[in-house]
Amino acid sequence: MNPSTFREELTGRFGWKLGETEEKETRLYITPQPEIFEDLVEVIFEENRGRLATISCLDEEETFRLLYHFALDEHEIMVTIKLPVEKDDNPSTKTIARKIPGAEWIEREIREMFGIDFEDHPAKKRLLKAESLDDEAYPFRKDFEVEDLGGE
Amino acid sequence: MATTIPIGPYHPLQEEPEHYLLTVEGEEVLDVDVQIGYNHRGIEKLSEKKTYNQVPFLVERVCGICSHSHPYAYCLAVEDCGDLEVPEKAKYLRTLIGELERIHSHLLWAGLAGHFIGYDTVFMWAWKYREEVLDLLELLTGNRNAYAMMKPGGVQRDIPRKHLEEARPTLDMLKEKSEMLYNAVLDDPVMKARLEGIGILDEEDARAFGALGPTSRASGIPNDIRSDFPYGVYEDLDWKVITRDAGDVLARVEVRLLETLESIKMCEQIINRIPDGGSIDSEPKEIPPGDGIGSYEAPRGECFHYIKSDGTNRPVRHKIRAPTFMNFPTYRSTCIGETIADASIILASVDPCYCCTERAISLKEKDDVNLLELSQARTAEIKKELGLELSPLEEVLDE
């Protein structure tokens, strides 16, 4: 299996809803319709034994974008699912930590650093952020300046 | 009745700040909670302000042990984004330093593991031989840690043949001593009694938590980036992925000690094959817009770097995920139900590295104290005592 055959397999299952894709030698990037996101994660994690490498969060002008990186180690394919999260007063998306325990810390870090709420997350408490920082201070957002760091 | 025992944030047994809360009843551990973040330095954020060639210097300082792993993973990400070619010779040099780093890291851990269970002989042996590896790295790169070898598209410096040849006696010695250490540890009934059957992580849990490196390989998963997503020259070398099925702490010890032997074998092959001439740097000029993923097998497991480029000379976003970030949460599966005495070695058995895990502080000075000036003033004071000439700045500070 390579990125193109894996994409074809996914297209066979999800059709046009798989959305825009981009391929490289060992990489596959997918921007699916949000409604199939959970099914897609399930297909990659459960059926294809994908390993959740991590989730990267991008702070773009209009939206936040979450990049779920799954490694299919046996096939040498790194699949990345791109999921936009609307930038409003309370940006939020669904958690995957109930299904994949490894996502718990990753989502906690993103919640603290970018202020994205993961609905139904099993442990919404601080992991990394300094006690001197407010709950509403999100250091990894683009509009956060290092000078905003309070404390000593 | 359940009691809570705090360990840390600063504890004599631990080499880094972390805070565990063990909920225990009698000897049995019922629950574990962890508070980290004491080492958070904001490196991901800082990285967005550096150019592509400056970032390796920064990420090299994510971790003092894996100071080759982070820049390597970062360079792989940039090379993935820009489809850059790396000269053959540079690949050999990169791989050599990477494997020497793995040897010293595994020996460091073996020593600490001995120390955690009160077996300080192992600690002294392992660290004695680790010193030799660090000296060798100093000979080859100029530094015992933070080797400053990496740059996108190649390496910074060549290593002369004469120095490579001088590495052979050290590798021979390490091979003999690592075998001795392996046999001594595995034959020792005390080590067996202490480590066998505790902290078991089964294959399903290892997969669910996304465990990496020796932690997952000791649970029967042959996950190794060097063979799954090959980089460097691993495809040309003769070596094997070490796995064990038991999933206990003893299996993790065994995997790391055997991997040390594999790494020594690889270093010897690299020294034999490394080309004498040729380019070491493809000198990339620009990085096009796009995404880049770098996946590197650090001593503790996959080190993952992601960069987003917009076509300028610095990354818009640089995400770093160290292996401990995935390995550490497995304590939920391994510690609960064990005894307090075993908890410390189980927690240590994933070889946790907190500065990597947290990586992200900006040292903020108090309003009225400038640490730099304070340090310069002290230098001026000492110079005056010794009767040396002061620089103009020091004269101002001295007043």
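The values are calculated or read from the model by the stated rules, or taken from the named source; none is laboratory data. All figures in this text were calculated on a predicted structure; none of them were measured in a lab. Glycine gets a Cβ as well: all are built from the backbone with ideal geometry, and neighbour counts include every protein chain shown.
Every residue in segment A:139-152 that is more than 9 Å from chain B (Cβ to nearest Cβ) and at pLDDT below 90, please.
Result: A:Asp143, A:Glu145, A:Glu147, A:Asp148.
Close contacts from segment B:244-269, counting a first residue that is at positive phi and a second that is among the polar types (S, T, N, Q), with Cβ to Cβ under 6 Å and a gap of 6+ residues or different chains, come to B:Gly247/B:Ser219.
Would you confirm, using the coordinates I've provided, whether A:Arg7 is buried (at least 17 other Cβ atoms within 10 Å of the Cβ), over 24 Å from B:Leu212 (Cβ atoms) and either of a type in the set (Lys, Arg) or within 11 Å of chain B (Cβ to nearest Cβ) (or both)? So A:Arg7 passes the test. Answer yes or no as to whether A:Glu119 is more than 7 Å from chain B (Cβ to nearest Cβ), surrounded by 15 or more Cβ atoms within 10 Å (Cβ to Cβ) and not polar (S, T, N, Q). Considered against the rule, which asks whether it is more than 7 Å from chain B (Cβ to nearest Cβ), surrounded by 15 or more Cβ atoms within 10 Å (Cβ to Cβ) and not polar (S, T, N, Q), A:Glu119 comes out as no. Listed conditions (1) at the interface with chain B (Cβ under 8 Å from one of its Cβ atoms); (2) under 17 Å from the mean Cα position of the chain (by Cα) are all met by A:Ala130, apart from (2).
Considering only residues in segment B:310-334 that are surrounded by fewer than 23 Cβ atoms within 10 Å (Cβ to Cβ) and of a type in the set (Gly, Ala, Ser), the one that is farthest from the other protein chains (Cβ to nearest Cβ) turns out to be B:Gly311. Against the criterion of being at pLDDT 90 or above and surrounded by 14 or more Cβ atoms within 10 Å (Cβ to Cβ), B:Asn39 does not qualify.
Annotation: A:Lys94 fulfils all but one of (1) surrounded by 21 or more Cβ atoms within 10 Å (Cβ to Cβ); (2) farther than 23 Å from B:Gln35 by Cα; (3) not polar (S, T, N, Q); the unmet one is (1). When A:Glu86, A:Glu112 are screened for being out of contact with any helix residue (DSSP H, G or I) (no Cβ under 9 Å at 6 or more places or on another chain), acidic (Asp, Glu) and within 14 Å of chain B (Cβ to nearest Cβ), only A:Glu112 passes. When segment A:46-68 is limited to residues that are in contact with a Phe, Trp or Tyr (Cβ under 6 Å, 6 or more places away or on another chain) and of a type in the set (Val, Ile, Thr), the one that is nearest to the other protein chains (Cβ to nearest Cβ) turns out to be A:Thr54.
Conditions tested, residue by residue: (1) polar (S, T, N, Q); (2) under 23 Å from B:Asn327 (Cα atoms).
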position	(1), (2)
A:Thr26	yes, no
A:Thr31	yes, no
A:Ile36	no, no
A:Glu42	no, yes
A:Arg51	no, yes
A:Leu66	no, yes
A:Leu72	no, yes
A:His75	no, yes
